[in-house]
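Novice: Structure provided below as structure tokens; questions to follow.
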Amino acid sequence: MSELPPSLTSFLERAERLLARLEPLLPPESPVPDWNAAVAFRWRRHGAAHYLQAVAHPSSIRLADLKDIDEQKARIDANTRQFVAGQPANNVLLTGARGSGKSSLIKALLNEYASRGLRVIEVEKHDLVDLPDIVDLIEGRSERFIVFCDDLSFDAGDATFRALKVILDGSITAAPDNVLIYATSNRRHLMPEYFAENLEAHSVGEEIHPGEAIEEKVSLSERFGLWLSFYPFDQEAYLDIVAHWLRSFGCKDAEIARAERDALNWSLQRGSRSGRVAWQFAKDWAGVHSSKTSHGSQRGRRK
């Protein structure tokens, strides 16, 4: 083989040095997700790399654990069952009182249907701009994917607002049939609304047609086919949830009855009778009393 001309050799050497200097500046290759590693994933960013990270220990909550939200549970369960079976199903927006079981419902649905191919990908609100990349990763796969965004809300002019709007149904490209969006929020219309916006006869700031601005804010919520509303629990429902969790910790009925007053005081201190508050109380009460029981048993054995 003949040797390369000196000029070409010099050029190749310079090119190699240039590539060596540029390589650290290039974004690293995103790792390919191991679909067999888990049933739940999180969308992560590490520097310039974006990738799906397997969730090693997803929540173990079951649908049977969620009390006093039977109507909401039945509707989202039916929608998810249709989706897993390959039938038409809707994107879902769960809105309302904090701690009422919105996020827990989605985690429980994963446990219910993971064996039938359901998978959940959790995406933070600020990463919604990456939704097209996520959809490209999972389009065509046999699994059925719920893209889950918790505590969703937007500020005016938020770029992620339009990214989600396009994915829901605003793009020229049809959304793949193996992907749905399930989102939770404390507000129904996802974007802040102001009293002045109701005064359509007057201008709002520089807006000439304020009614159109309001329609823009409402339009995102309307792209979710199924809306589920959650409300604060009354005292009876709250105590029912407390009793369920105390039983799950092995407490007897007599112990549960004794715990009611403490449970009500706990909710008063937190200003809320929610499922989350009931769960927190049950953990505290069961932990304290099981510890006392354990110490009493140990004293008895020492005697």
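The values are calculated or read from the model by the stated rules, or taken from the named source; none is laboratory data. Keep in mind that what you see is a predicted model, and the values were worked out from it rather than measured. Cβ: placed from backbone, ideal geometry, glycine included. Neighbour counts: every protein chain shown.
Novice: What pairs come up if the first residue lies in segment 53-66 and is assigned to a loop (DSSP other than H, G, I, E, B), the second is modelled with pLDDT of 90 or more and hydroxyl-bearing (Ser, Thr, Tyr), and their beta carbons are under 8 Å apart, counting only those six or more places apart or on different chains?
Specialist: Listed pairs, sorted by first residue: SER59/SER104; ILE61/SER104; LEU66/SER104.
Novice: Going by what's in this entry, would GLY99 be described as more than 22 Å from ASN36 (Cβ to Cβ) and modelled with pLDDT under 95?
Specialist: The answer is yes for GLY99.
Novice: Further question on the same structure: Would you check which residues across segment 223-249 are in contact with a Ser or Thr (Cβ under 8 Å, 6 or more places away or on another chain) and small (Gly, Ala, Ser) and list them?
Specialist: Scanning segment 223-249 gives a single hit, SER229.
Here is a yes/no grid of residues against (1) crowded, with 17+ Cβ neighbours inside 10 Å; (2) over 18 Å from ALA237 (Cβ atoms); (3) assigned by TED's automatic domain parsing to the domain that holds LEU226:
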| site | (1), (2), (3) |
| --- | --- |
| ARG62 | no, yes, yes |
| LEU66 | yes, no, yes |
| LYS73 | yes, no, yes |
| ALA85 | no, yes, yes |
| PRO88 | no, yes, yes |
| VAL92 | yes, yes, yes |
| THR95 | yes, yes, yes |
| LEU105 | yes, no, yes |
| ASN111 | yes, yes, yes |
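Novice: I'd like to know if segment 22-33 contains one or more residues that are farther than 30 Å from SER274 by Cβ and at pLDDT 75 or above.
Specialist: Checked segment 22-33: at least one residue is farther than 30 Å from SER274 by Cβ and at pLDDT 75 or above.
Novice: From VAL129, VAL135, VAL120, which residue is modelled with pLDDT of 95 or more and either more than 14 Å from the chain's Cα centre (by Cα) or assigned by TED's automatic domain parsing to the domain that holds ARG45 (or both)?
Specialist: Matching residue, one of VAL129, VAL135, VAL120: VAL120.
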